[in-house]
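The block underneath contains the structure these notes are about, expressed in structure tokens.
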Amino acid sequence: GNSVTQMEGPVTLSEEAFLTINCTYTATGYPSLFWYVQYPGEGLQLLLKATKADDKGSNKGFEATYRKETTSFHLEKGSVQVSDSAVYFCALSSYNQGGKLIFGQGTELSVKP
Amino acid sequence: GAGVSQTPSNKVTEKGKYVELRCDPISGHTALYWYRQSLGQGPEFLIYFQGTGAADDSGLPNDRFFAVRPEGSVSTLKIQRTERGDSAVYLCASSTPGPGVNEQFFGPGTRLTVL
């Protein structure tokens, strides 16, 4: 079945450091890929998405490129801020499965000033 | 406009009891999803409604879990004979209909604790 694997946390960075959170997936067909973020005390919210191979999703300085050849969707940001501290979830969804999301286990990011 | 709301925000119950968790989706969203998130894990799919009918209930762990959406709006997740292993945050999400995979908007969740 479909699955998502993301790098384990917690990840601790200094402000302005470069961030990469790795995500790989297993899926039949052509899923859509997502990054969701959960800030402390808040609900899950969509950060960015990509719906086909080579698409790049971007939002709030974060980027991720849908790589079909490596089945990856790594999240990157060039310069993190303290306010980026949160838990990040990689997820996939297939239209022929009703759009349900399959999530990775989450990666906690802590950014220190 | 209003987002997805869930009630109660917290529920503490004793092993063996029955609980109901409620989800109010965004108005006009015909697709509704329930997920369960255990501590330190990503959300796991439970059930998906399109309108009033359960289009996919493959994620329900066993027959103690049941969900309804009688009028195509509010949904209730029902858990019978609760067990300590049912303790988790139960999340509801809704999305618009239409082609392709649409963004799901999540509620704040109900934290269920079974003592």
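The values are calculated or read from the model by the stated rules, or taken from the named source; none is laboratory data. Here the structure is a predicted model, which means the values were calculated and not measured. All Cβ positions, glycine included, derive from the backbone under ideal geometry; neighbour counts span all protein chains shown. Heavy atoms of the whole protein, side chains included, go into the accessibility calculation; ligands, DNA and RNA do not. Shrake-Rupley method; radii C 1.70, N 1.55, O 1.52, S 1.80 Å.
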Residues of segment A:95-104 being more than 12 Å from B:Phe45 (Cβ to Cβ) and facing chain B (nearest Cβ under 8 Å), which ones? A:Tyr95, A:Gly104
Quick one: would you say B:Ser58 is among the small types (Gly, Ala, Ser) and in a loop (DSSP other than H, G, I, E, B)? yes
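Does B:Thr52 meet the test of being open to solvent by 40 Å² or more (accessible area, probe 1.4 Å), among the polar types (S, T, N, Q) and either more than 14 Å from every other protein chain (Cβ to nearest Cβ) or within 12 Å of the chain's Cα centre (by Cα) (or both)?
So B:Thr52 passes the test.
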Residue that is farthest from the other protein chains (Cβ to nearest Cβ) [pool: residues in segment B:68-81 that are open to solvent by 10 Å² or more (accessible area, probe 1.4 Å) and small (Gly, Ala, Ser)]: B:Ser73
Of all residues in segment B:89-104, which are open to solvent by 10 Å² or more (accessible area, probe 1.4 Å), more than 8 Å from chain A (Cβ to nearest Cβ) and at pLDDT 85 or above? B:Val89, B:Thr96
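Yes/no per residue for (1) at the interface with chain B (Cβ under 7 Å from one of its Cβ atoms); (2) under 18 Å from B:Leu91 (Cβ atoms):
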{"site": "A:Arg67", "(1), (2)": "no, no"}
{"site": "A:Gly78", "(1), (2)": "no, no"}
{"site": "A:Ala86", "(1), (2)": "no, yes"}
{"site": "A:Gly106", "(1), (2)": "yes, yes"}
All positions within segment A:88-103 that are open to solvent by 10 Å² or more (accessible area, probe 1.4 Å), touching a residue at least 12 places away in the same chain (Cβ under 8 Å) and closer than 17 Å to B:Leu91 by Cα: A:Ile102, A:Phe103
B:Arg84, sole failed condition from (1) loosely packed, with under 15 Cβ neighbours inside 10 Å; (2) touching a residue at least 60 places away in the same chain (Cβ under 8 Å); (3) over 24 Å from A:Gly106 (Cβ atoms): (3)
Only one of B:Gly28, B:Gly16, B:Gly42 that is surrounded by 14 or more Cβ atoms within 10 Å (Cβ to Cβ) and not in a strand (DSSP E or B): B:Gly42
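Among the strands (runs of 3 or more DSSP E) confined wholly to segment A:1-58, which include 1 or more residues that are within 12 Å of another protein chain (Cβ to nearest Cβ) and open to solvent by 20 Å² or more (accessible area, probe 1.4 Å)?
A:3-6, A:32-38, A:45-50
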How many residues, within segment A:65-78, are surrounded by 12 or more Cβ atoms within 10 Å (Cβ to Cβ) and either farther than 18 Å from A:Ser3 by Cβ or out of contact with any Asp or Glu (no Cβ under 8 Å at 6 or more places or on another chain) (or both)? 7
